[in-house]
Amino acid sequence: MANFGFINHYLNLNPLSNRLSGLLRHFFTPIMISRLMPYLPCHRALDFGPLRSKAGAITTGVGIMCPFLPQHFVTLSHERVVKKIVGGVRMARNWGADIVGLGGFTSIFCDEGAEIVDTVDVPITSGNTLTACLAIQGLIAGAHLMGVKLAQARLAVIGGTGDIGSACVRKLGRSVASICIAARNEKK
């Protein structure tokens, strides 16, 4: 089985603040850390596995962190962010990844990998299929718990033309009485 890599970013400053020693933690303010983060290199944050599938195949994975916070994706130049994400993907490849998943805003920013797939020598994927599957399963389970029959229900999907929302619409659209799709792109 192929080994994998997963690229992600920080959601807040806590993990980095916790890694600083006591003296440095008092010297660097949260604003200073936030401003310094984009200058830091990507780094190997964790290892997965070995993991065994139900069929007995074994795989391992490596988690690579891009030193960005969510706000960096909208405040830094597009080229700078893409360069850092590509660096993270290449780092995962160097650690043995045969496929790399983009997580959080790294996926959204790179159009689920379409923007960088020709730049790197490893297949790229996003978590959108898994997210859509979990959303659909959660909706079905929630309806069951609440005694709601899908065939009589009205479904509303916010972001119904996006990757995840459109998958939910396609899967559940014929199972419900009616559907309301809300999205920014009326044409889609």
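Before moving on, here are some points about what is shown:
- Looking at Lys171, Lys149, Lys187, just one residue is more than 20 Å from Gly104 (Cβ to Cβ), touching a residue at least 12 places away in the same chain (Cβ under 8 Å) and not β-branched (Val, Ile, Thr), and that residue is Lys171.
- Within the stretch 158-188, if we keep just the residues that are β-branched (Val, Ile, Thr) and farther than 24 Å from Gly113 by Cα, the residue that is nearest to the chain's Cα centre (by Cα) turns out to be Ile181.
- Residue match in the stretch 139-150 (condition: β-branched (Val, Ile, Thr) and within 22 Å of Phe68 (Cα to Cα)): no
- Members of the stretch 99-155 found to be of a type in the set (Ser, Thr, Tyr) and over 20 Å from Cys168 (Cα atoms), listed by number: Thr106, Thr119
- Restricting the stretch 107-130 to residues that are in a helix (DSSP H, G or I) and of a type in the set (Asp, Glu), the residue that is surrounded by the most Cβ atoms within 10 Å (Cβ to Cβ) is Glu112.
- Residue that is in contact with a helix residue (DSSP H, G or I) (Cβ under 9 Å, 6 or more places away or on another chain) and at negative phi, where the choices are Asn18, Asn14: Asn18
- Check on Asp121, of a type in the set (Asp, Glu) and within 16 Å of the chain's Cα centre (by Cα): no
- Of all the numbered requirements in (1) in a helix (DSSP H, G or I); (2) open to solvent by 40 Å² or more (accessible area, probe 1.4 Å); (3) more than 28 Å from Thr106 (Cα to Cα); (4) not polar (S, T, N, Q), Gly142 misses one, and that requirement is (2).
- Helices (runs of 4 or more DSSP H) completely within the stretch 21-106 that count 3 or more residues being farther than 26 Å from Val120 by Cα and open to solvent by 40 Å² or more (accessible area, probe 1.4 Å): 22-27, 30-36
- The set of residues in the stretch 162-188 that are open to solvent by 40 Å² or more (accessible area, probe 1.4 Å) and part of a loop (DSSP other than H, G, I, E, B) comprises Arg174, Ser175, Ala177, Ala183, Arg184, Asn185, Glu186, Lys187, Lys188.
- Single residue of the stretch 63-83 satisfying the filter (charged (D, E, K, R) and more than 16 Å from Ser34 (Cα to Cα)) that is farthest from the chain's Cα centre (by Cα): Glu79
The values are calculated or read from the model by the stated rules, or taken from the named source; none is laboratory data. For clarity, every value in this text was computed on a predicted model and none was experimentally measured. Every residue, glycine as well, gets a Cβ built from its backbone with ideal geometry; the counts of neighbours run over all protein chains shown. Accessible surface is based on the protein model in full, side chains and every heavy atom, while ligands, DNA and RNA are left aside. Shrake-Rupley method; radii C 1.70, N 1.55, O 1.52, S 1.80 Å.
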